[in-house]
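Beneath this line is the structure, given in structure tokens, with notes to follow.
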Amino acid sequence: MVTRREFLAAAGAVASSPVVSGLSRTGEATAAASMKYGYAAITWGGEIVRAIEEIAAVGFRAIQLRGEAFAQYGDKPIALRELLATHRLTFAVLSSGNLSIDPAREQEMLSMHTQHAQFVKDAGGLYLQVIDERPKGRAVAAADYARLGRLMTELGKRTAALGVPLVYHHHMNSTGEKPHEVAAVLDAADPKHVRLLFDTAHYQQGGGDPVAAIRKYRDWIDVVHLKDVRPALESGGSGGSNRYQFVELGRGRVDLPGVFAALNEINYDKWAIVELDRVPDTGRTPKESAEMNKRYLVDVMHQTISLSQ
């Protein structure tokens, strides 16, 4: 549980820091004044309606949904569209699930994710996100990066035909885990048909510098996951052997002031989705974690998250 003293200490650390590009001496982030904010529903698991209600109540105006949304509303996308409209939420991104590079599953993968893109379109959504599957039982080979890039390019052509851009989410335990792997995947993909969902915490945990990466991939990024990560406590970690744990913004080791400065530097004006996989501390609710994340954005980074989008 973050105490009031801990939160104020974090805020004070930013306020007392020297000038960083994109930050004022009071810690105010000028990053991307027109950046559009949303919140990911993953923290609520399968409770889609509750997630929609509480994310809207906290003050976010957009949402990222997962496969549970397709499972519950796949045959009634208009009902989902109307529910989101009632709560004034933009359906920014659908997490479409994993994209296997197994040649035997290629047609299955293309068909499934294209179906999900049609659902996004019908429900009034904007982007389709995929995460790939790291090969099991062997090291990643150069051919894997090439195949993934080609497969995503083909999928991106199909989703674009429906009016839904494809974004690739690099991820721990995926082919695009480490910085050089992310680069290899993107080198094999066509940026006209594959865009990047850049995740600050996954890139950090994969051994990279998210601030430098934002500058490097400025022409690729269509969606940012604002996310924080810390070494795991004895229980509740997200990685193998509890190596790391995703936490609310400002509680981990991601240089978020630097992230905002870099976003400002590249004039980023697209989507920023706050994501937290699960509540890290016992006794806190998903809504309370969302409120903590909002306070960090508003009180520490001086961002406006509730503008009409």
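Applying the selection to region 144-173, what residues are under 20 Å from the mean Cα position of the chain (by Cα), among the polar types (S, T, N, Q) and modelled with pLDDT of 95 or more? Thr159, the sole residue that qualifies.
Summed over region 184-213, the residues that are more than 24 Å from Ala290 (Cα to Cα) and not in a strand (DSSP E or B) give a count of 17. Would you be able to say whether some residue in region 122-129 is under 17 Å from the mean Cα position of the chain (by Cα), within 21 Å of Ile52 (Cα to Cα), not aromatic (Phe, Trp, Tyr) and not in a loop (DSSP other than H, G, I, E, B)? Scanning region 122-129 turns up at least one residue that is under 17 Å from the mean Cα position of the chain (by Cα), within 21 Å of Ile52 (Cα to Cα), not aromatic (Phe, Trp, Tyr) and not in a loop (DSSP other than H, G, I, E, B).
Looking at the structure I just gave you, is Thr30 more than 30 Å from Asp132 (Cβ to Cβ), touching a His at 6+ places or on another chain (Cβ under 9 Å) and either surrounded by fewer than 22 Cβ atoms within 10 Å (Cβ to Cβ) or at pLDDT below 95 (or both)? Criteria met by Thr30.
A quick yes/no check of all residues on (1) under 18 Å from the mean Cα position of the chain (by Cα); (2) surrounded by 22 or more Cβ atoms within 10 Å (Cβ to Cβ):
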| residue | (1), (2) |
| --- | --- |
| Glu265 | no, no |
| Asp269 | yes, no |
| Glu275 | yes, yes |
| Arg295 | no, no |
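Here Asp219 meets each of (1) in a loop (DSSP other than H, G, I, E, B); (2) surrounded by fewer than 15 Cβ atoms within 10 Å (Cβ to Cβ); (3) modelled with pLDDT under 95 with one exception, condition (3).
Is it the case, given these coordinates, that Thr200 is surrounded by fewer than 16 Cβ atoms within 10 Å (Cβ to Cβ) and either modelled with pLDDT of 95 or more or under 23 Å from Ile48 (Cα atoms) (or both)? Answer is no for this residue.
Of all residues in region 149-193, those satisfying the criterion of being touching a helix residue (DSSP H, G or I) at 6+ places or on another chain (Cβ under 8 Å) and small (Gly, Ala, Ser) are Gly149, Gly163, Gly176, Ala184, Ala188, Ala189.
The values are calculated or read from the model by the stated rules, or taken from the named source; none is laboratory data. Source: prediction; values computed, not measured. Here Cβ is always computed from backbone atoms with ideal geometry, including for glycine, and neighbour counts include all displayed protein chains.
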